[in-house]
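First comes the structure, then the notes that go with it.
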Amino acid sequence: MPELPMNFSGKTSCAFVVGRSHLKTQTPCQDYVAARQSNDVTCIALADGAGSRARSDVGAQVAVTATLGFVCKNFETLWQHMDKHNAKAAQRLTNRCLDAFRRKSTKLGCDMSELACTLSFVAYSRGRYLAGHLGDGIIASVDVEGQLQTLSAPENGEFANTTLFLTDPKAVSKLRLYRGPIEAQTGFAIMSDGSAESLYHKSTGLPASAVQRLLEWNATLPRKKMKVVLADNLQQSIALKTGDDCSIGLLSILPGDASTETA
């Protein structure tokens, strides 16, 4: 893939749908994904609420909102901390989410553990990316040769069908952080475990080719059209292969400033 000038930028698209199992029980969607662009940073973040916790749908929204705000404001500081040791960057980000959980749990009159959720994010700024991942779901990326790869694979808990949450005592040490230069047109996708049922091959540890197709559409389609296309694919194809909630966030790195729309 050709090298890009330093003034390339990020284009995002996000969607989430309630799973069939939750529709039957009239349970709210416990997945949440969103994007933000500020301070010359474009960021997508996704959280999947713990199925066994009563207010984890709220927790997912709180975690995503806190992460988007923190990463967009502190991209440079996080980048510098990761130059020496990831632990300080992981501690700062986790603390930001936990502080938001404490405030929300106080308002709701519930224990903070009821807000438990996973977290993943990818941010782009000035020729560099940062990414973080705690729990299941995956982060996929396109490498400099245009090949789809798994940037961060699912991580489960100590027992089958369990995973790691921001409220867990080991969250800071288990939050995986990544950073690197952007040397060519590329893209990232974050998804919950529900979406991963269709978009990730456990046998090979690689994302499905459909992820690359979604990223190509995100890079080329107008913002409003892509929003419809992503929602339709999630509802009519991806969500049909699981009873779980499904969510996905896309970030395409493109030349120029015309791609700075978020959805």
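The values are calculated or read from the model by the stated rules, or taken from the named source; none is laboratory data. From a predicted model like this one, the values you see are computed outputs, not experimental measurements. FYI the Cβ positions are ideal-geometry reconstructions off the backbone, even for glycines, and counts take in every protein chain you see. Just so you know, the surface numbers come from the protein's heavy atoms only, side chains and all, with ligands and any DNA or RNA stripped out. Shrake-Rupley method; radii C 1.70, N 1.55, O 1.52, S 1.80 Å.
Scanning the stretch 144-159 for residues that are open to solvent by 40 Å² or more (accessible area, probe 1.4 Å) and either closer than 17 Å to PHE188 by Cβ or polar (S, T, N, Q) (or both) turns up VAL144, GLU145, GLN147, GLN149, PRO154, ASN156. Yes or no: ASP48 among the acidic types (Asp, Glu) and crowded, with 24+ Cβ neighbours inside 10 Å? In short, yes.
Just for the stretch 106-119: of the residues that are part of a helix (DSSP H, G or I) and without any contact (Cβ under 8 Å) to a residue 24 or more places away in the chain, which one is least open to solvent (accessible area, probe 1.4 Å)? Can you show your working first?
Just the residues of the stretch 106-119 that are part of a helix (DSSP H, G or I), to begin with: 106-108, 112-115.
Checking which are without any contact (Cβ under 8 Å) to a residue 24 or more places away in the chain leaves us with 106-107.
Working: THR106: 110, LYS107: 168 Å².
Taking the candidates together, the pick is THR106.
For every residue, the table says whether it meets (1) touching a helix residue (DSSP H, G or I) at 6+ places or on another chain (Cβ under 9 Å); (2) of a type in the set (Gly, Ala, Ser); (3) farther than 26 Å from LYS11 by Cα.
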{"site": "LEU68", "(1), (2), (3)": "no, no, no"}
{"site": "VAL71", "(1), (2), (3)": "yes, no, no"}
{"site": "ASN74", "(1), (2), (3)": "yes, no, no"}
{"site": "LYS84", "(1), (2), (3)": "no, no, yes"}
{"site": "LEU98", "(1), (2), (3)": "yes, no, yes"}
{"site": "ARG102", "(1), (2), (3)": "yes, no, yes"}
{"site": "LYS107", "(1), (2), (3)": "no, no, yes"}
{"site": "ALA116", "(1), (2), (3)": "yes, yes, yes"}
{"site": "ARG128", "(1), (2), (3)": "yes, no, no"}
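Is at least one residue of the stretch 23-40 surrounded by 22 or more Cβ atoms within 10 Å (Cβ to Cβ), out of contact with any Leu (no Cβ under 9 Å at 6 or more places or on another chain) and not aromatic (Phe, Trp, Tyr)? Taking every residue of the stretch 23-40 in turn, at least one turns out to be surrounded by 22 or more Cβ atoms within 10 Å (Cβ to Cβ), out of contact with any Leu (no Cβ under 9 Å at 6 or more places or on another chain) and not aromatic (Phe, Trp, Tyr).
Considering only residues in the stretch 175-219 that are basic (Lys, Arg) and at pLDDT 95 or above, the one that is least open to solvent (accessible area, probe 1.4 Å) turns out to be ARG176.
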